[in-house]
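Okay, so here's the structure we're looking at.
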Amino acid sequence: MPELEGAIDGQGLRFAIVVARWNSFVTEKLLQGACSALGEHGVVEGDYSIIRVPGSFEVPAAALWAANTGNVDAVICLGAVIRGETAHFEYVAGAAQQGVLSVTEQTGVPAVFGVLTVDTIEQALERVGGKEGHKGKEAAVTAIEMANLRRLIAEAL
Ligand code: INI
């Protein structure tokens with residue numbers, strides 16, 4: 001009976017990173033963490049692209065376009081929706097979450113949800129290298145694992 005788990009080895013894999021400009025003081029940190037995690041796990045700079053969009057609401061559309069090219073093994077989606085800063089938090093956060101999930105469902109390409117949905121700026125900053133870890137790095141590592149798992153499943157089953 002095969003037991004399958006994707007390796008955290010990004011060598012030879014290709015990625016798109018979609019990053020929202022809204023709350024860029026947070027999202028640029030998410031991006032830096034994602035890029036450094038890709039590098040730490042064997043992904044060279046020529047093997048990933050950075051795609052900037054206005055806000056988290058626009059992340060799924062660009063992620064879908066990237067996934068549909070067939071040229072990436074996973075898409076890393078980054079954004080920050082902060083409740084204290086927006087009256088329509090639920091709409092933006094919900095659309096981003098459902099849209100990113102839908103990219104994977106529609107294309108089979110793993111789209112990883114690295115969009116922070118938090119109540120305060122402090123909570124956001126805690127998640128980009130503070131006491132709650134680094135969600136940009138975590139998203140990149142998850143993307144590597146899922147890209148490898150997808151290949152394993154295709155080969156083994
Ligand atoms: N986009 C975000 O990424 N984070 C937010 O906190 C946010 N707020 O506060 O509204 C936000 N809004 C913009 C939204 O993502 C779209 O760009 C906009 O609605 C145009 O479609």
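The values are calculated or read from the model by the stated rules, or taken from the named source; none is laboratory data. Just so we're clear, the structure is a prediction, and the values are computed from it rather than from any experiment. All Cβ positions, even for glycine, are placed from backbone atoms using ideal geometry, and neighbour counts span all protein chains on display. Please note that ligands, DNA and RNA were not included when accessible areas were found on the heavy atoms of the full protein model with its side chains. Shrake-Rupley method; radii C 1.70, N 1.55, O 1.52, S 1.80 Å.
In this structure, does Phe15 turn out to be aromatic (Phe, Trp, Tyr), open to solvent by 70 Å² or more (accessible area, probe 1.4 Å) and at pLDDT 95 or above?
So Phe15 fails the test.
Take the conditions more than 14 Å from the chain's Cα centre (by Cα), hydrophobic (A, V, I, L, M, F, W, C), surrounded by 19 or more Cβ atoms within 10 Å (Cβ to Cβ) and within 27 Å of Gly39 (Cβ to Cβ) and apply them to Ala124. Does it pass?
Yes; evaluated as a whole, the condition is true for this residue.
Does Gly129 satisfy being in a strand (DSSP E or B) and open to solvent by 30 Å² or more (accessible area, probe 1.4 Å)?
yes
Please determine whether any residue of the stretch 20-36 is within 26 Å of Asn148 (Cα to Cα), without any contact (Cβ under 8 Å) to a residue 40 or more places away in the chain, surrounded by fewer than 23 Cβ atoms within 10 Å (Cβ to Cβ) and more than 16 Å from the ligand (Cβ to nearest atom).
no
Check Gly33, Gly39, Gly94, Gly70 and return the single one that is more than 17 Å from Glu138 (Cβ to Cβ) and either in a helix (DSSP H, G or I) or of a type in the set (Val, Ile, Thr) (or both).
Gly94
List the number of the failed condition for Phe113; all other conditions in (1) of a type outside the set (D, E, K, R); (2) modelled with pLDDT under 95; (3) under 17 Å from Glu145 (Cα atoms) hold.
(2)
Please enumerate the residues belonging to the stretch 68-88 that are within 14 Å of the chain's Cα centre (by Cα) and either near the ligand (Cβ under 8 Å from one of its atoms) or farther than 17 Å from Ala20 by Cα (or both).
Within the stretch 68-88, Val72, Asp73, Ala74, Gly79, Ala80 qualify.
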